[in-house]
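A.B. asks: Structure below; questions to follow.
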Amino acid sequence: MPEYKAPLRDIKFVMQELYDCHNLYAKLGYEDATADMFDAILSEAAKFVSEEIAPLNISGDQEGCHFENGIVTTPKGFKQAYQKYVEGGWPTLAQNIDYGGQGLPHSIHTIVNEMLSSANHSFAMYPGLSHGCMATLEKHGSEQQKQMFLPKLVSGQWTGTMCLTEPHAGTDLGLLRCKAELNDDGSYRLNGTKIFISAGDHDLSDNIVHIVIARIPGSPAGTKGISLFAVPKFNVTDEGEKSDRNGVSVGSIEHKMGIKASATCVINFDNAKGYLIGEVNRGLNMMFTFMNSARLAVGGEGLAASEAAFQGALAYAKERLQMRSVSGVKNPDGVADPIIVHPDVRRMLLTQKVFAEGGRAMIYDLALTIDKSHRGSDLEKAAAEAKLALLTPVAKAFATETAMEATSHGVQVFGGHGYISEWGMEQLMRDTKISCLYEGTTGIQAIDLLARKVLGSQGKLLAASISEITSFLVEASEYQQFSALSGILGEYCTRLQSMTKQISVKAQDNADEVGAASVDYLMFLGYVLYGYYWLKMMLKAQQSLQSSATEQDFYQSKLIAGQFYFDRILPRALSHALCIENGGHSMMALESEHFAF
């Protein structure tokens, strides 16, 4: 069974050396986020996750959640672990001090979430949605709603969910039927059914606050008529105390491919009391506060899965003896060499490594960008919001698609043992697949990226990111050993801009060209971005090698892994470019009735 250990050295390399986070924190006014505090939080989080959360991963998968007489219970040990999670103050890290939070940077919360998700994806789901719930209430809720819900959500005594999807609607939220009617006291009564609600019910917290989209009678059809509501499982007094049971019940829990210890519920609202958040018919706009938070969190799940798969596969590859190296015996005292000596195993391990560490550089960069959006100057906030708008769909989709590959390699490195449940690798692959689906599938993220963010901004958002990359390439090219890589990455950026123009021109004659190109476009951009982050890490590693006599092996490994990325991973982008350039005609030419079984 893989034993997860938080990669503290790499986390600190990215945050402290690559991004100089403490200097940024000081500039943004996070006085408490000192280096000592940072190190203490990471150390304690790593210990907590290792001792309390990771041991429940496989047992939770095997037992799953239980649903009896309308009551949902989590697997053995989950309730106790969650109580320790709350007692340790982990839910409060990055929350507003006005509601009981510690007021630390969002980026520190992101790191702790990575550890939780790597150790136990299912467990991480329960508190995970609460953060989007809190962000939505804090940004759009009334002061009374904040006082009612936020203190106990912040403490972790209560948890939150996001209720969007309905049985007939799927991703098309404009088709929703859930109805909200005004009560005499200004609250609303909600009726309808929501499905696929992660952590929709459980026995971990005292109450659950559902953030629900619904339609008020008389509202416009489609997405323009959606309003947003806070609907608690138990009614709440004006003072924020739990009261009687609300009209919220669980119809069933889903039987799933993975994350079996996370309760995914069908939720029924039967005259449930809810509170309108913000303005009528502005629900979908406000819901994007929740969705964008969740999408970045899911990108973090991709990073976490890649890391967990790499750790498990690496430990096994070092120990498993099979055959001899074709270049000569490497383990003369053993009956065979460890499989890590074989080139194909190296290929898989290095692919996992560059996806995990490249993903960490991207996810942490965006987490720090969120910190800037919270406390930067007006100019910094605007730039941060623009960067997040463009890169959120890439982070969500690319980090999870590459995680699926990384977990598949994890199974493959183990060979037949990888297919056996006791080793934990097949569970990791099953758990990870959902990350490609929820909060918008890869296709949804891709069309959001290309149609809304790139073409919708007339290329302005993309131009800003390309400018950031090319500015760095000028710096990197001044180092002789990085000049060639800088030139290669610059060529990819040029090709990206050229493809964007081609798609825009083709779309004028055939709108389907955007959808046909979108996933390949997202993957191309994802590979380029990881190339950018890897080159940044290589440059920082080289600078550290020149200035420090310690940890030579760590920094040298960054240079070698980065070179592997440029040699064996980045060229994949070219196949996506060719697909885009070939256009979407053959994709759309076959009539639906001519698809044959």
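The values are calculated or read from the model by the stated rules, or taken from the named source; none is laboratory data. What you see is a predicted model, and the numbers here were worked out from it, not measured in a lab. Here the Cβ positions follow ideal geometry from the backbone for every residue, glycine too, while neighbour counts run over all protein chains shown.
A.B. asks: So, in the range 53-84, how many residues would count as being farther than 23 Å from GLU254 by Cβ and either in contact with a Lys or Arg (Cβ under 7 Å, 6 or more places away or on another chain) or surrounded by 22 or more Cβ atoms within 10 Å (Cβ to Cβ) (or both)?
C.D. replies: Matching residues across the range 53-84 total 1.
A.B. asks: (1) at positive phi; (2) part of a strand (DSSP E or B): which one isn't true of PHE67, the others all being true?
C.D. replies: Among (1) at positive phi; (2) part of a strand (DSSP E or B), the lone unmet condition for PHE67 is (1).
A.B. asks: In the set LYS224, LYS194, which member is over 18 Å from GLY70 (Cβ atoms), charged (D, E, K, R) and not in a loop (DSSP other than H, G, I, E, B)?
C.D. replies: LYS224
A.B. asks: Provide a single number: the residues in the range 460-514 that are under 22 Å from GLY583 (Cβ atoms), hydroxyl-bearing (Ser, Thr, Tyr) and either in contact with a strand residue (DSSP E or B) (Cβ under 6 Å, 6 or more places away or on another chain) or not in a helix (DSSP H, G or I) (or both).
C.D. replies: 0
A.B. asks: For the range 427-459, name all the residues that are of a type in the set (Gly, Ala, Ser), not in a helix (DSSP H, G or I) and not assigned by TED's automatic domain parsing to the domain that holds SER518.
C.D. replies: Once the filter is applied, which keeps residues that are of a type in the set (Gly, Ala, Ser), not in a helix (DSSP H, G or I) and not assigned by TED's automatic domain parsing to the domain that holds SER518, the range 427-459 yields only GLY440.
Here's the yes/no breakdown for (1) surrounded by fewer than 24 Cβ atoms within 10 Å (Cβ to Cβ); (2) among the charged types (D, E, K, R):
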| residue | (1), (2) |
| --- | --- |
| PRO338 | yes, no |
| PRO343 | yes, no |
| GLN352 | no, no |
| ALA356 | no, no |
| ARG360 | no, yes |
| LEU379 | yes, no |
| ALA384 | yes, no |
| LYS387 | yes, yes |
| MET404 | yes, no |
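A.B. asks: A further question follows. Considering SER43, SER50, which residue is farther than 28 Å from LEU137 by Cα and loosely packed, with under 15 Cβ neighbours inside 10 Å?
C.D. replies: Matching residue, one of SER43, SER50: SER43.
A.B. asks: Next question, about the same structure. Being closer than 24 Å to LEU366 by Cβ and surrounded by 20 or more Cβ atoms within 10 Å (Cβ to Cβ) is the requirement here; does MET148 meet it?
C.D. replies: no
A.B. asks: Output the residue which, of all residues in the range 490-518 that are within 28 Å of the chain's Cα centre (by Cα) and small (Gly, Ala, Ser), is nearest to LEU449 (Cα to Cα).
C.D. replies: Among them, the one singled out is SER518.
A.B. asks: Please find, among GLN542, GLN552, the residue that is on the phi < 0 side of the Ramachandran plot, loosely packed, with under 13 Cβ neighbours inside 10 Å, in contact with a Leu (Cβ under 8 Å, 6 or more places away or on another chain) and assigned by TED's automatic domain parsing to the domain that holds TYR492.
C.D. replies: Criteria check complete, one pass: GLN552.
A.B. asks: Output the qualifying pairs, or none if there are none: Cβ atoms under 8 angstrom, residues six or more apart or on different chains, first residue in the range 229-247 and surrounded by fewer than 22 Cβ atoms within 10 Å (Cβ to Cβ), second residue of a type in the set (Asp, Glu) and in a strand (DSSP E or B).
C.D. replies: From residues that are surrounded by fewer than 22 Cβ atoms within 10 Å (Cβ to Cβ), the pairs are PHE234/ASP244; ASN235/ASP244; GLY247/ASP270.
A.B. asks: Same structure again: Could you tell me whether any residue of the range 213-220 is assigned to a strand (DSSP E or B), touching a helix residue (DSSP H, G or I) at 6+ places or on another chain (Cβ under 7 Å) and among the hydroxyl-bearing types (Ser, Thr, Tyr)?
C.D. replies: Looking for residues that are assigned to a strand (DSSP E or B), touching a helix residue (DSSP H, G or I) at 6+ places or on another chain (Cβ under 7 Å) and among the hydroxyl-bearing types (Ser, Thr, Tyr), one finds none in the range 213-220, hence no.
A.B. asks: Can you run down the residue pairs with Cβ atoms below 8 Å, 6 or more apart or on separate chains, where the first is in the range 554-573 and within 19 Å of PHE524 (Cβ to Cβ) and the partner is assigned to a helix (DSSP H, G or I) and among the β-branched types (Val, Ile, Thr)?
C.D. replies: Here the result reads TYR565/VAL354; PHE566/ILE488; ARG568/THR351; ILE569/THR351; ILE569/VAL354; LEU570/ILE488; LEU570/VAL528; ALA573/VAL528, each pair linking the range 554-573 to a residue that is assigned to a helix (DSSP H, G or I) and among the β-branched types (Val, Ile, Thr).
A.B. asks: Moving to a separate point now. Just name the residue that is farthest from the chain's Cα centre (by Cα) out of those in the range 418-464 that are acidic (Asp, Glu) and closer than 26 Å to ASP172 by Cα.
C.D. replies: Residue satisfying both the conditions and the ranking: ASP448.
A.B. asks: Can you name every one of the helices (runs of 4 or more DSSP H) wholly within the range 70-172 that holds 1 or more residues which are over 20 Å from the mean Cα position of the chain (by Cα) and more than 28 Å from ASP238 (Cα to Cα)?
C.D. replies: Ranges flagged: 78-87.
A.B. asks: ALA33: outside any helix (DSSP H, G or I), more than 30 Å from GLU426 (Cα to Cα) and either in contact with a strand residue (DSSP E or B) (Cβ under 6 Å, 6 or more places away or on another chain) or at pLDDT 95 or above (or both), yes or no?
C.D. replies: Criteria met by ALA33.
A.B. asks: Do we have MET286 as within 22 Å of the chain's Cα centre (by Cα), part of a helix (DSSP H, G or I) and farther than 19 Å from GLU114 by Cα here?
C.D. replies: So MET286 fits the description; yes.
A.B. asks: So which of HIS202, HIS210, HIS131 ends up being in the same structural domain as GLY240 (by TED's automatic domain parsing), in contact with a helix residue (DSSP H, G or I) (Cβ under 8 Å, 6 or more places away or on another chain), modelled with pLDDT of 95 or more and not β-branched (Val, Ile, Thr)?
C.D. replies: So the residue among HIS202, HIS210, HIS131 that is in the same structural domain as GLY240 (by TED's automatic domain parsing), in contact with a helix residue (DSSP H, G or I) (Cβ under 8 Å, 6 or more places away or on another chain), modelled with pLDDT of 95 or more and not β-branched (Val, Ile, Thr) is HIS202.
A.B. asks: Search the range 248-270 for residues being touching a Leu at 6+ places or on another chain (Cβ under 9 Å) and closer than 30 Å to MET429 by Cβ, and hand back the single one that is surrounded by the most Cβ atoms within 10 Å (Cβ to Cβ).
C.D. replies: Of everything passing the filter in the range 248-270, ALA261 is surrounded by the most Cβ atoms within 10 Å (Cβ to Cβ).
A.B. asks: Here is a further query. Going by what's in this entry, would LEU321 be described as more than 18 Å from the chain's Cα centre (by Cα), within 15 Å of GLU405 (Cβ to Cβ) and among the hydrophobic types (A, V, I, L, M, F, W, C)?
C.D. replies: Criteria not met by LEU321.
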